[in-house]
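The values are calculated or read from the model by the stated rules, or taken from the named source; none is laboratory data. The structure presented is a predicted model; accordingly, all values stated were derived computationally and were not measured. In this analysis, Cβ positions are derived from the backbone assuming ideal geometry, glycine residues included, and neighbour counts consider all displayed protein chains. When the accessible area is computed, the model is the full protein with side chains, heavy atoms only, and any ligands, DNA or RNA have been set aside. Shrake-Rupley method; radii C 1.70, N 1.55, O 1.52, S 1.80 Å.
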Amino acid sequence: MDKQAHFYSADSIQDIDAFVDQAIAMKKNTTSFNGTLQGKKMTLIFFNPSLRTRLSTEFAAQELGIHTISMNATEGWKWEIDEGVIMNLDKAEHIKDAAQVISQYSDVIAIRSFPGLKDRDADYRDEMLQNFMEHASVPVINMESSIYHPLQSLTDLMTIKEAFGEKKLKVVLSWAPHPKALPQAVSNSFLQWINRTGHDVVVTHPEAYDLAPAFTANCAIEYNQQDAFKDADVIYTKNWSSYNTYGQILSEDQSWMVNRKKMALTNNAIFMHCLPVRRNVVVTDGVMDSDRSVIYQQAGNRLHAAKAVINHLLNL
Amino acid sequence: MDKQAHFYSADSIQDIDAFVDQAIAMKKNTTSFNGTLQGKKMTLIFFNPSLRTRLSTEFAAQELGIHTISMNATEGWKWEIDEGVIMNLDKAEHIKDAAQVISQYSDVIAIRSFPGLKDRDADYRDEMLQNFMEHASVPVINMESSIYHPLQSLTDLMTIKEAFGEKKLKVVLSWAPHPKALPQAVSNSFLQWINRTGHDVVVTHPEAYDLAPAFTANCAIEYNQQDAFKDADVIYTKNWSSYNTYGQILSEDQSWMVNRKKMALTNNAIFMHCLPVRRNVVVTDGVMDSDRSVIYQQAGNRLHAAKAVINHLLNL
Amino acid sequence: MDKQAHFYSADSIQDIDAFVDQAIAMKKNTTSFNGTLQGKKMTLIFFNPSLRTRLSTEFAAQELGIHTISMNATEGWKWEIDEGVIMNLDKAEHIKDAAQVISQYSDVIAIRSFPGLKDRDADYRDEMLQNFMEHASVPVINMESSIYHPLQSLTDLMTIKEAFGEKKLKVVLSWAPHPKALPQAVSNSFLQWINRTGHDVVVTHPEAYDLAPAFTANCAIEYNQQDAFKDADVIYTKNWSSYNTYGQILSEDQSWMVNRKKMALTNNAIFMHCLPVRRNVVVTDGVMDSDRSVIYQQAGNRLHAAKAVINHLLNL
């Protein structure tokens, strides 16, 4: 069979700029797409908890006319991923069978599966998504894998374009402290997507917090957060755990928290975060609730991004 | 912005009698409302388990044409409620952000959040519902909060009116024993709603089981259950844990169980309970299964009460 | 009231052959049934985990136009089943009340409830399904009870008929090893259904693994697996735990695993399994992935079997 198209990363979309424009256009004319995919079926599978991803993706599908079922795999499904294994231990089904079975009932399948943050090589092979895509016979949507969160990135680019149009921008991705070890998926994806646009991209973080080189190759790296913020048009803040000392928290240095004083260094930048956010740890209430904060518009765009992706995959 | 209308308690409805009539009329012509809210979206959030509230509220919305998603918050979501907190502990999102984000995807939001039954002042501030309503930008429906269960009360009044029409009644709310400490929400709400009608209301319970004075101010209190039952037209039975010795079980005295002998003291009263009920602890099988028991009709009315509320909020 | 029709076992269907034909016809003209039950409501209740049963049954209903709600009862609902009990222990609701309440909100109810595998008599009374059917006022669909899985069996017969048409067949049900103690429901039901057709049925298993006599009365029993496979047209493989030494694993003898060498003994038989399957324990990869394996078609037929059942019950 032909290779099935999926929505896995920026590489799944040929022309990122045109796709962002299309998503914004779908948002403007949102009701005209309602019911256009009547009778299709979508299965959403969550190996990890979800609030905004579930609501935005499942409602997006429903508005398009699609029947939806969301399943939490958290309480016990374990799928064997390796080939040829004697399956006499804790895994009751092989991913190739699960993918084929779910494909029988679905026109499109969406999956969330976070990294373990223990074994970097395993996480960066992204085996759950990669194997599921290989074996499914219908399109698969990545609702955040070990290393990518493309629905968030499409949303992020929509939000930036809504604010600035075609203007060339200085976009800053800033690490911020957090009490828990978080994945790198949002940051990886944001860099992968924003680097397909013509913007200048600066990543700022404490020295030990380098992201994977593949994602920062086309970015300026700045270890001085205040220097990075100078003249920025967009401040995107996000915590990530260490890539090099994998999955660890090396610093909770509160001097990296984003505040009004730092925002004053920028070119009146908009403030972005994918949410959920820990207020007064990652960013102060003052910045969160300022009139340059676009966090709720950004969250709302998740719905329209999901519609654009589903519409794209089912109309290929 | 204008203050958003919600369905939180009897105070959310201007004319209770007219609203009950309208809900009964919607039940009679139920299919004529089907699909009238096509394309709207409703999110239902459960911090506690639910059977009849989920089925009745979610199906009510679906029959009206609304897309629905139900989420169980039981396995981990914790929302920060206090303002200005440094969120470096167990709560990953502030309720103001959660409420705003969910509002982006929803035309109406329904929430259930039970009391802890440890700290009366905290429970009676009803912080989850109050804060969520304050920060949401769409209508919020109370699916049972720490202190109110208004969907149940609307249902109760519908059931009473269906049985008796405009007749003035003696309505008795009777405490009954139960092995677990239960909230006061159903009882509080029932008294709040029934006191907006012209009926005579008597509350009967062991002396130590006073409800909050705000709810019993317009009721006769009777510590002798048999005296209370005399000439009653409606017996509404419900356990609650102590308000004064907060959240405690002070008595499991089986002599308070409702039985046929006590029902014989009434004016051929109907028997009501919100369910679930522990048979032969709260009430005997004989009363539950008698022809004056309206418990299943009462349960069924939940569907129509929910339709009336959703229809009311989305057509304001 | 009249006795309510349910879908509980082969006995729920008068003419099995005609019903299988009808399900296959519905599959061929699947879209012509879409939306024909618009506005009906279906509640699905799972006391045990489910992947393919939930997806196939719930999507089947949705395609027919039915509103659906799936509820996992795993985290705490316990229903009292015995009559007249003083309910002061762990069970908060009687099954007769639950069944009546859910009936108020539903046009059809589907339930899954597995056996405990400790007490054979209790399991074979199948109390959850039997009591729920007795008390519900709408049709009930068995989504796998302690002893029956009729949606699977209807699917199985569809798959066999699609492969062979009206030809008379030798059908072999073969036990296979498994590391966990599994129910007998799939095997019981398969034998119950296949014995209503004109096929020759052989059951093969290690001597200690007899199924309940009621289900094997019309089958040949063969303790030599290779002899059983000779000239077979259909190999249906399934593990079950012991019926006589109830619920126990008596053997994990790998020589009972189905492999290519054994399949070569057959009359080019198709290979069937209800899934999930443990590869290289129950059956080798070689057989699973061979061109005579119909496992994914079999899984896909679950959707159409469910449609046929729902359509049947709601159009009686």
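Of everything in region C:59-77 that is within 8 Å of another protein chain (Cβ to nearest Cβ) and not in a loop (DSSP other than H, G, I, E, B), the residue that is farthest from residue A:67 (Cα to Cα) is C:71. Looking at region B:78-101, which of the residues that are facing chain A (nearest Cβ under 7 Å) and either assigned to a loop (DSSP other than H, G, I, E, B) or among the β-branched types (Val, Ile, Thr) (or both) is farthest from residue A:49 (Cα to Cα)? Restricting to residues being facing chain A (nearest Cβ under 7 Å) and either assigned to a loop (DSSP other than H, G, I, E, B) or among the β-branched types (Val, Ile, Thr) (or both), the top hit is B:84. Flag set for residue B:59, criterion: open to solvent by less than 40 Å² (accessible area, probe 1.4 Å), closer than 23 Å to residue B:129 by Cβ and in contact with a His (Cβ under 7 Å, 6 or more places away or on another chain). Residue C:151 fulfils the conditions (1) in contact with a Cys (Cβ under 6 Å, 6 or more places away or on another chain); (2) of a type outside the set (D, E, K, R); (3) part of a helix (DSSP H, G or I) except for a single criterion, (1). When you go through (1) open to solvent by 10 Å² or more (accessible area, probe 1.4 Å); (2) more than 9 Å from chain A (Cβ to nearest Cβ) one by one for residue B:111, which number turns out not to apply? Of (1) open to solvent by 10 Å² or more (accessible area, probe 1.4 Å); (2) more than 9 Å from chain A (Cβ to nearest Cβ), only one is false for residue B:111: (1). Scanning region A:290-309 for residues that are more than 14 Å from chain B (Cβ to nearest Cβ) and surrounded by 24 or more Cβ atoms within 10 Å (Cβ to Cβ) yields A:308, A:309.
Here is a check on your reading of the model: is residue B:145 touching an Asp or Glu at 6+ places or on another chain (Cβ under 6 Å), touching a residue at least 40 places away in the same chain (Cβ under 8 Å) and crowded, with 24+ Cβ neighbours inside 10 Å? Answer is yes for this residue. Of the listed requirements (1) open to solvent by less than 10 Å² (accessible area, probe 1.4 Å); (2) in contact with a Ser or Thr (Cβ under 8 Å, 6 or more places away or on another chain); (3) not in a helix (DSSP H, G or I), residue A:181 misses just one: (1). Within region B:27-55, restricting attention to residues that are more than 23 Å from residue C:102 (Cβ to Cβ) and among the basic types (Lys, Arg), the residue that is surrounded by the most Cβ atoms within 10 Å (Cβ to Cβ) is B:41.
Filtered by the rule that a residue be at the interface with chain C (Cβ under 10 Å from one of its Cβ atoms), more than 28 Å from residue A:60 (Cβ to Cβ) and out of contact with any strand residue (DSSP E or B) (no Cβ under 9 Å at 6 or more places or on another chain), region B:31-58 gives B:31, B:52.
Flag: residue C:97 does not match the condition of being outside the structural domain of residue C:249 (by TED's automatic domain parsing), among the charged types (D, E, K, R) and closer than 27 Å to residue C:247 by Cβ. Note on region A:257-282: residues that are within 26 Å of residue A:168 (Cα to Cα) and out of contact with any helix residue (DSSP H, G or I) (no Cβ under 7 Å at 6 or more places or on another chain) amount to 4. Does residue C:73 count as in the same structural domain as residue C:307 (by TED's automatic domain parsing), modelled with pLDDT under 95 and open to solvent by less than 10 Å² (accessible area, probe 1.4 Å)? Criteria met by residue C:73. One residue stands out among those in region B:1-26 that are more than 16 Å from the chain's Cα centre (by Cα) and charged (D, E, K, R): the one that is surrounded by the fewest Cβ atoms within 10 Å (Cβ to Cβ), which is B:2.
Could you please tell me which pairs satisfy a Cβ distance under 6 Å, a separation of 6+ or placement on different chains, a first residue in region C:45-69 that is of a type in the set (Val, Ile, Thr), and a second residue that is at pLDDT 95 or above and in a loop (DSSP other than H, G, I, E, B)? Once the first residue is of a type in the set (Val, Ile, Thr) and sits in region C:45-69, its partners that are at pLDDT 95 or above and in a loop (DSSP other than H, G, I, E, B) give C:53/C:143; C:66/C:37; C:66/C:40. Residues in region B:126-142 that are open to solvent by less than 20 Å² (accessible area, probe 1.4 Å), in contact with a Ser or Thr (Cβ under 8 Å, 6 or more places away or on another chain) and part of a helix (DSSP H, G or I): B:129 alone.
Residue pairs, Cβ under 7 Å, 6 or more apart or interchain, first in region C:1-20 and closer than 15 Å to residue C:305 by Cα, second open to solvent by 60 Å² or more (accessible area, probe 1.4 Å). List them. Pairs that qualify, where the first residue is closer than 15 Å to residue C:305 by Cα and the partner is open to solvent by 60 Å² or more (accessible area, probe 1.4 Å), are C:10/C:196; C:16/C:196. Being open to solvent by less than 10 Å² (accessible area, probe 1.4 Å), farther than 22 Å from residue B:62 by Cα, at pLDDT 95 or above and not in a strand (DSSP E or B) is a property that does not hold for residue C:123.
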